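Here is the structure we will look at.
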Amino acid sequence: MAVALPSFFTAIMIMSRLMAFIGISKNNDMSSKLQALDIAPKLSYDPSAIESASQDFGHIVKAAPQAVLLPSSPRDIASLINFSYSNSVPFSIAARGNSHSVNGQAMAKNGVVIDMTSMKNGNGTGISIASDGSYADVGGQQLWIDVLNATLGLGLTPVSWTDYLYLTVGGTLSNAGISGQTFRYGPQISNVYEIDVITGTADFVTCSPNNNSDLFYAALGGLGQFGIITRARIPLEPAPKRVKWVRMLYTDFSDFTRDQELLISKNGRNDNKALNYLEGSLLLDQGSLDNWRSSFFPPQDQPKIISLITKFRIVYCLEIVKHYDGQTKTTVDKDLQQLLKGLSYLPGFMFEKDAKYEEFLNRVHSEELKLKAKGLWDVPHPWLNLFIPKSKISDFNDGVFKSIVLQRNITTGPVLVYPMNRKKWDDRMSAVIPDEEIFYTVGLLQSSGFDDWRTFEDQNKEILQFCEKAGIKVKQYLPHYTTKVGWVNHFGSKWSTFQKRKLQFDPKLLLSPGQRIFNNNQ
């Protein structure tokens, strides 16, 4: 059910639409005023910079800003926001990290895009590890791979990751940050002690659960709507040395999901007997074993795997990891066998690998390099990421995987499907998940040509339409809606709080316009 926007928001939206009619004069006026700022030398109007900020990893949406800010410190960001906030005609501002949005979320049409990566390691926004090793203070623009390398040098590590580590800390914390560790440690937003945020009123705020908590909970998973995260304090733990990395194959979806749910039921953060990572995925006969999900399999076993996929068309792959170090080296195999006892994977289709901890965490990068060498990385990515309640995952399998995906016969990229525990999330944060205690992440991570991405988008729309007709209360991860109704339905009971926080921390609707939450047309 739609909720009426407060009159304040309505007035702002009317004003923003009015300004669209006088866009040329507005932009010229804005540019001349920007030139008078102390940060003017850090504003780029270079065509190549504008072009870069006009697109993202999705290569589907394009929106050109007027300028790109190359800040050297958070103070530069605050100065830009303050100028817009104080201007009689405010302009929009978007923070851009490593640009891995897929639907233009980090763009600011006719506004200013902040290139967060330009801050690098200076001015207190690098990576600083506490003397007792309990946490790391990390600049919002830092890549998670750099956090990993810095902490591993001291034998330490964060515990919650994303599959791909070349993402910025501020970027993943503005969404949630999920991967196979989430069932046990929670998403990355559940693993933060405090953050520094520059709000839409240009206030520089340090916040935590006990200090400025409203902004803390708003910004984490807040899609950049309330402020720009410039620093995060991330808890650390002793790092393992190596991992036991196992994949098992299934042809029965019920067995596949039952085993996943059994394994994640042992999820205590300090339980040394529990798994450290669990994800599931699909192997399809319309795909290839030569991708970042399936190149794991030994070459000598690939013919029988291909034969299995050809026979069943869909094979389900369960992937698990158990960490170990010098102290647990002698017991890890026994612990792993105990965890695998009684599982229903296909006999003869379990594959094991021993790897360095960092090799496992950075597993996607080697495939990225292969795709870049073939010119297959910087292409459209019409992705769809969903959260599905446990009670409906079987219906989703029948209606989507076995029907839509197989019938359309276009899905060749990785398809992920794995469960999480709701209790590992903090409901006070802005991120939205299903109501059930166990829910599944489903990710269709497609790549396409520049002339056929709409075919994949059509499949995504068909999947969402199926979920609506089947009564599957799906929530999008990395959400993308073009109407107010879509966003209201997405946030559900959190919508009212989300609006109030927007009014409090970004009353002029300056930040992250590319999300199209408060500046859509319907």
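The values are calculated or read from the model by the stated rules, or taken from the named source; none is laboratory data. What you are looking at is a predicted structure, and each value in this text was computed from that prediction instead of being measured. FYI the Cβ positions are ideal-geometry reconstructions off the backbone, even for glycines, and counts take in every protein chain you see. Heavy atoms of the whole protein, side chains included, go into the accessibility calculation; ligands, DNA and RNA do not. Shrake-Rupley method; radii C 1.70, N 1.55, O 1.52, S 1.80 Å.
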*Qualifying residues in the stretch 89-100 (those that are in a loop (DSSP other than H, G, I, E, B) and of a type in the set (A, V, I, L, M, F, W, C)) - the one modelled with the lowest pLDDT*: V89
*Filter result (surrounded by 15 or more Cβ atoms within 10 Å (Cβ to Cβ) and either among the basic types (K, R) or in a loop (DSSP other than H, G, I, E, B) (or both)) within the stretch 348-358*: F349, K353
*Do we find that T162 is under 30 Å from L263 (Cα atoms) and of a type outside the set (A, V, I, L, M, F, W, C) in this structure?*
yes
*Only one residue in T206, T182, T199 is over 19 Å from M420 (Cα atoms), out of contact with any Ser or Thr (no Cβ under 6 Å at 6 or more places or on another chain) and touching a residue at least 60 places away in the same chain (Cβ under 8 Å), so which one is that?*
T199
*asked:* Go through (1) in contact (Cβ under 8 Å) with a residue 40 or more places away in the chain; (2) in a helix (DSSP H, G or I); (3) open to solvent by 30 Å² or more (accessible area, probe 1.4 Å) for Y345 and report which single condition fails.
replied: (2)
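To keep it simple, each residue is scored yes or no on (1) open to solvent by less than 10 Å² (accessible area, probe 1.4 Å); (2) more than 28 Å from K42 (Cβ to Cβ).
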position	(1), (2)
G104	yes, no
A108	yes, no
V112	yes, no
M119	yes, no
G126	no, no
I129	no, yes
G139	yes, no
L148	yes, yes
T151	yes, yes
*Is there any pair linking a residue in the stretch 469-484 that is farther than 21 Å from D56 by Cα to one that is open to solvent by 40 Å² or more (accessible area, probe 1.4 Å) and modelled with pLDDT of 95 or more, with Cβ under 7 Å and at least six apart or on different chains, and which?*
A470/D395; I472/K392; I472/D395
_Hey, S84 at pLDDT 75 or above and polar (S, T, N, Q) or not_ = yes
*Just one of the numbered conditions (1) touching a residue at least 40 places away in the same chain (Cβ under 8 Å); (2) over 21 Å from the mean Cα position of the chain (by Cα); (3) open to solvent by 10 Å² or more (accessible area, probe 1.4 Å); (4) closer than 20 Å to D506 by Cβ is not true of Y217; which one?*
(2)
*asked:* For the structure I just gave you, tell me whether S79 is of a type outside the set (A, V, I, L, M), within 24 Å of D203 (Cα to Cα), out of contact with any strand residue (DSSP E or B) (no Cβ under 8 Å at 6 or more places or on another chain) and modelled with pLDDT under 95.
replied: no
_Scan the stretch 477-493 and tell me whether some residue there is surrounded by 14 or more Cβ atoms within 10 Å (Cβ to Cβ), among the basic types (K, R) and closer than 30 Å to F183 by Cα._
no
*Are any of the residues in the stretch 163-173 over 23 Å from D271 (Cα atoms), surrounded by fewer than 18 Cβ atoms within 10 Å (Cβ to Cβ), touching a residue at least 60 places away in the same chain (Cβ under 8 Å) and aromatic (F, W, Y)?*
yes
*Would you check if F360 is within 25 Å of Q286 (Cβ to Cβ), modelled with pLDDT of 95 or more and of a type in the set (F, W, Y)?*
no
